[in-house]
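**Student:** First the structure, which I've put down as structure tokens, then a few questions once you've had a look.
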Amino acid sequence: MLLRHASLAIALLASAVALGGWSSCEPSLIEDPSFDLWCGQSLCAWQLEAGEVRRVSTWHPADAGVELVGDPAAISQLLGISSRDVSCLRFETLAQVDADASVTLEMDFLDDGSVDYRTPVAGNDWAAVSYLITPPSWYRDVRLGLRKTGPGRAVLAHLRVTESSECSDSPLPLPDRPLGANCLNDAECADGLCGVAIFPYASEDAAPGVCGACRDDAACAAGEVCGADPTPVGFAAACGPAGRHVLGERCLVDGECATGVCCLSVCAECCPEIAPCADGGACLAAALPEPLPAFSWLGMPAQCDPREGEGAAGAVCLVDEDCQSGSCQGSGPLRMCLFDSHPCETDADCPFGNDLSEPACRQAGVRDGRCG
């Protein structure tokens with residue numbers, strides 16, 4: 001991955017220390033921005049990557065900070081943010097760095113060990129410095145690091161990171177994006193293919209594509225279909241066996257669904273005006289499991305109304321109410337992530353969390369169900 005350097009417009013704040021008078025009232029996105037939390041001889045919230053750290057006085061004897069000791073010396077912290085959360089970052093620093101030392105701020109936007117961005121940290125007699133960074137259009141698992149080189153002394157009193165709405169620069173580039181990541185062009189994807197965006201990620205204000213492994217069936221082996229497969233970061237177009245997805249799972253085309261129907265990006269039993277029910281029965285969207293937040297992307301399949309003659313023995317089903325017999329039997333529970341219908345077993349399997357602090361992995365019905 002290429003190392004990206006960006007020129008920043010760095011604004012010195014009006015006072016060298018009007019300390020505490022930071023330009024933003026937003027909460028810090030990092031833990032322990034003032035290096036106050038120590039676990040013995042180590043910072044509790046920061047991981048030591050190289051050298052040593054030492055608790056020392058800063059601009060005032062009563063204000064403690066961290067000295068980076070060694071050449072090199074480095075600390076890092078994993079930020080719990082992604083491109084879905086934050087599109088503009090404000091950095092505010094307070095440091096003292098000798099002339100024969102330097103400190104750089106580093107960002108690894110995939111936490112894969114490759115630094116994607118770095119910029120020097122000003123250390124000019126405790127003058128507070130603020131600057132903006134526009135992160136990539138897609139990112140996750142951001143590791144923020146501070147690295148000191150040179151024999152001189154380097155002490156930091158504050159490193160505050162907040163969300164802002166003031167960025168005007170273009171997003172930082174981020175190549176080598178994994179399957180399922182939003183993309184603008186093929187060059188951004190590790191596999192070199194920026195393909196169709198799969199609902200619910202496709203929207204007018206989102207990146208127009210998703211890194212995938214195929215664009216159509218022509219790229220797949222005999223008997224395979226280019227469809228929507230889950231990845232750790234979202235759905236991606238990928239080759240796989242025909243009929244591999246059951247009722248209620250995400251899809252791109254009919255051929256990947258065991259039911260033979262992909263309706264509104266969900267494997268379904270029917271689809272209004274496209275794949276009608278036998279004998280003209282009503283094609284209805286399955287009921288959402290309760291309770292659900294008002295805002296979710298849990299896609300429920302269209303099914304033929306069992307009250308109109310459907311739902312006989314052997315018919316596909318999701319819940320008992322889909323069957324005339326009142327019994328839907330399958331291979332186990334069909335669990336999906338609340339905000340994208342990602343298949344899951346626990347909340348930890350869901351690539352996107354829930355801001356409402358509710359369980360993210362929900363049971364939607366029976367997997368590969370058939371009416372008894």
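**Student:** Summing +1 for each Lys or Arg and -1 for each Asp or Glu, what net charge is found among the other residues whose Cβ lies under 11 Å from the Cβ of G192? Walk me through the intermediate numbers first.
**Tutor:** Values: positive: R177; negative: D176, D186, E188, D191.
Charge balance in the 11 Å sphere: -3.
**Student:** Still on this structure, I have one more. Could the peptides 165-176, 100-111, 260-271 be put in order, highest first, of the mean number of other beta-carbon atoms found within 10 Å of their residues?
**Tutor:** Values: 165-176: 13.7, 100-111: 18.7, 260-271: 22.2.
Packing proxy ranking, top to bottom: 260-271, 100-111, 165-176.
**Student:** How large is the charge dipole for the chain, taken about the Cα centre, if only the Cβ atoms of Lys, Arg (+1) and Asp, Glu (-1) carry charge, to the nearest 20 debye? Mind dumping the intermediate values first?
**Tutor:** Working: 21 positive and 53 negative charges, 169 e Å.
Once rounded to the nearest 20, the dipole reads 820 debye.
**Student:** Ranked from highest to lowest mean number of other Cβ atoms within 10 Å per residue, what is the order of the peptides 33-46, 238-251, 122-135?
**Tutor:** Values: 33-46: 15.4, 238-251: 22.6, 122-135: 18.3.
Per-residue Cβ counts within 10 Å, averaged per peptide and sorted highest first, yield 238-251, 122-135, 33-46.
**Student:** Taking K and R as +1 and D and E as -1, what net charge do the other residues with C-beta under 11 Å from the C-beta of P232 add up to? Display every interim value, and only then the final one.
**Tutor:** Numbers: positive: R140; negative: D141, D349.
Here the charged neighbours net out to -1.
**Student:** Let me ask another. How do the peptides 320-331, 213-224 rank, highest first, by the average count of neighbouring beta carbon atoms within 10 Å per residue?
**Tutor:** Numbers: 320-331: 16.8, 213-224: 14.0.
Highest-to-lowest ranking by the protection proxy: 320-331, 213-224.
**Student:** Provide the net charge surrounding P27, with neighbours chosen by a C-beta distance below 14 Å and charges set as Lys +1, Arg +1, Asp -1, Glu -1.
**Tutor:** Working: positive: R90, R160; negative: E26, E31, D32, D85, E92, E163.
For residues surrounding P27, the net value is -4.
Every number in this text was worked out from the coordinates using simple rules, so none of it is lab data. Everything numeric in this text was worked out from a predicted model, so none of it was measured. Ideal geometry is used to build each Cβ from the backbone, glycine not excepted, and the neighbour counts take in all protein chains shown.
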